[in-house]
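Let me begin by presenting the structure, written as structure tokens, before commenting on it.
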Amino acid sequence: SPGLQKRQLAKYKHSGNWKAFADAIDKIMEADLLAVRTADFILCFHNPEVYSVGTTVELYEAYRLKKPIYLVSNAPRSEIHGWILKFVSYVVYPSFAQVLEQIKKDMRQWKKVHVAKKRLDSALKSCYTIFIKHTGGEPCE
């Protein structure tokens, strides 16, 4: 749990056990970045009063992987770090209700794209099969 992790990290820091601290941070980062890599999209609540490097790293990873990122914040854009604004294409939703409506719209679009991609993959597979039969499996020159 995050609370237990924070207490354990604080214990390692205060005792000067930097090896255990680094190992724990590595495990947390590994799990968080795996979650980002396997997610379809990222939904982030931004509170400018809470400092979090981890959230920024996770948003950067999602941005780098071209994952859709949705940011909810009631803070003015001027209080949101420029990098975070860049990661979300400068779109900030003021409420969860509004962002959820957008996610629903986007998911309907993703579904259409997914269906079209499956059809295209199927058509290409059929064309490849016909090509192999026609050429007797000879590679193209």
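Condition first: touching a strand residue (DSSP E or B) at 6+ places or on another chain (Cβ under 6 Å) and either part of a helix (DSSP H, G or I) or open to solvent by 100 Å² or more (accessible area, probe 1.4 Å) (or both). Now tell me which residues in the stretch 60-71 satisfy that.
Result: Ala62, single match.
Do we find that Ala97 is part of a helix (DSSP H, G or I), within 15 Å of the chain's Cα centre (by Cα), among the small types (Gly, Ala, Ser) and at pLDDT 90 or above in this structure?
Judged against the criteria, Ala97 is not a match.
Contact list please: Cβ distance under 6 Å, first residue in the stretch 55-81 and farther than 17 Å from Thr38 by Cβ and without any contact (Cβ under 8 Å) to a residue 40 or more places away in the chain, second residue assigned to a helix (DSSP H, G or I) and of a type outside the set (Val, Ile, Thr), pairs at least six apart or on different chains.
Final answer for the pair search is Val72/Phe96.
Filtering the stretch 1-38 down to residues that are outside any helix (DSSP H, G or I) and modelled with pLDDT of 90 or more, which residue is surrounded by the most Cβ atoms within 10 Å (Cβ to Cβ)?
Of the residues in the stretch 1-38, the ones outside any helix (DSSP H, G or I) are 1, 16-17.
Add one more test, that the residue is modelled with pLDDT of 90 or more, and what stays is 16-17.
Working: Gly16: 9, Asn17: 13.
Among those that are outside any helix (DSSP H, G or I) and modelled with pLDDT of 90 or more, it is Asn17.
Which count do you get for residues in the stretch 39-56 that are surrounded by 14 or more Cβ atoms within 10 Å (Cβ to Cβ) and in a helix (DSSP H, G or I)?
2
Name every residue in the stretch 72-96 that is in contact with a helix residue (DSSP H, G or I) (Cβ under 7 Å, 6 or more places away or on another chain) and either open to solvent by less than 60 Å² (accessible area, probe 1.4 Å) or of a type in the set (Lys, Arg) (or both), in order of residue number.
Correct list: Val72, Arg77, Ile84, Leu85, Phe87, Val92, Tyr93.
The values are calculated or read from the model by the stated rules, or taken from the named source; none is laboratory data. Fair warning: this is a prediction, and the values are worked out from it, not measured in the lab. Here Cβ is always computed from backbone atoms with ideal geometry, including for glycine, and neighbour counts include all displayed protein chains. Note: areas computed on protein heavy atoms with side chains; ligands, DNA, RNA excluded. Shrake-Rupley method; radii C 1.70, N 1.55, O 1.52, S 1.80 Å.
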